[in-house]
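So the structure is just underneath, and the comments pick up after that.
The values are calculated or read from the model by the stated rules, or taken from the named source; none is laboratory data. No experiment lies behind these values; they were computed from the predicted model shown. Positions of Cβ are backbone-derived with ideal geometry, glycine not excepted, and every protein chain shown enters the neighbour counts. Areas reflect the complete protein model, heavy atoms only, side chains present, ligands, DNA and RNA absent. Shrake-Rupley method; radii C 1.70, N 1.55, O 1.52, S 1.80 Å.
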Amino acid sequence: MVLPAQAESHACEPELLSAEALMQWPAWGVGQRMLLPDQVLVEESEQSKGYMMVSPTSIADHFTLSFETLILSPATVLVVGLIGSSATGAALFADDYDANLPELTRGRPFMMIPFHNAAHNRPGAFIATFDDGQRRILDQAYDFVTRVDTVHQIEFGKDETQVWLDIDGERLVSAPVEEVPQNTHLMLRLRGTGFREAAALFRNVELNQCDH
């Protein structure tokens, strides 16, 4: 007897984000984006306090964001994160917001995973949340695995039990899921050292969102 196939527990919808689509994500900070063939160049300008792109709409509770990145400057710190906000698109932040981190960590749910961060004197990736600006580290890696001028495959994900970051297929950090607001946006951020600017390329971006 042939039994009927059981439905999967999650209905996932993979979406390949073209370079043109990534250019449409709202961005804040002192810097610029440039559309290149099948990839996006993101870089800070002088006097920058960070430059970030944020998904224009909120995402599902269960997701994976994967992309390839090429780090172009040794001063670059790369960060993925989650921002809680009921706003959408350009209304997420004021037009003149300079993407400084202290403002980002106060008054809203926020979680970040910096993963190329030797320029900020950190040995490896870490997961951090913030309580009224006070950082709380949930997990820390002590191996520095990313390199300038090397293409790396990044996966940032969340399911019912944990959040995680993989680089080149290796799980670097993970942490139990804490209370996450329903309206959560993805963030891609880069930051230099204050006297050297950050720069990186992003390509082959794919977002998988799953319904419970």
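Accessible surface area normalised per residue over the chain is 50 Å², counting heavy atoms of protein chains with a 1.4 Å rolling probe. Note: relative contact order over segment 106-178, using C-alpha pairs below 8 Å and six or more positions apart, is 23 percent.
Is it possible to state the helix-based mean residue ellipticity at 222 nm for the chain, with each DSSP H run of 4+ residues giving -39500 (n - 2.57), the sum divided by total residues, to the nearest 500 deg cm²/dmol? What is it? Show your work: numbers first, answer last.
On the way: 2 runs with 8 residues, N = 212.
That calculation yields -500 deg cm²/dmol at 222 nm.
Centre-to-centre separation between the Cα atoms of segment 23-82 and those of segment 142-177: 16 Å. Sorting S45, S73 by solvent-accessible area of protein heavy atoms yields S45, S73, largest first, with a 1.4 Å probe. Across segment 120-212, Cα-Cα pairs more than 17 Å apart make up 61 percent of the total. Across the chain, C-alpha contacts under 8 Å between residues 6 or more apart give a mean separation that, scaled by the residue count, equals a relative contact order of 36 percent. Within segment 148-212, the GluC sites (Glu not before Pro) that combine a DSSP coil assignment with at most 13 other C-beta atoms in a 10 angstrom radius are E160, E178, E179. Here the dipole of the chain is about 600 debye; that uses its Cα centre as origin and unit charges on the Cβ of Lys and Arg (positive) and Asp and Glu (negative). Ranking of K49, K158 by solvent-accessible surface, largest first: K49, K158 (1.4 Å probe, protein heavy atoms only, all chains present).
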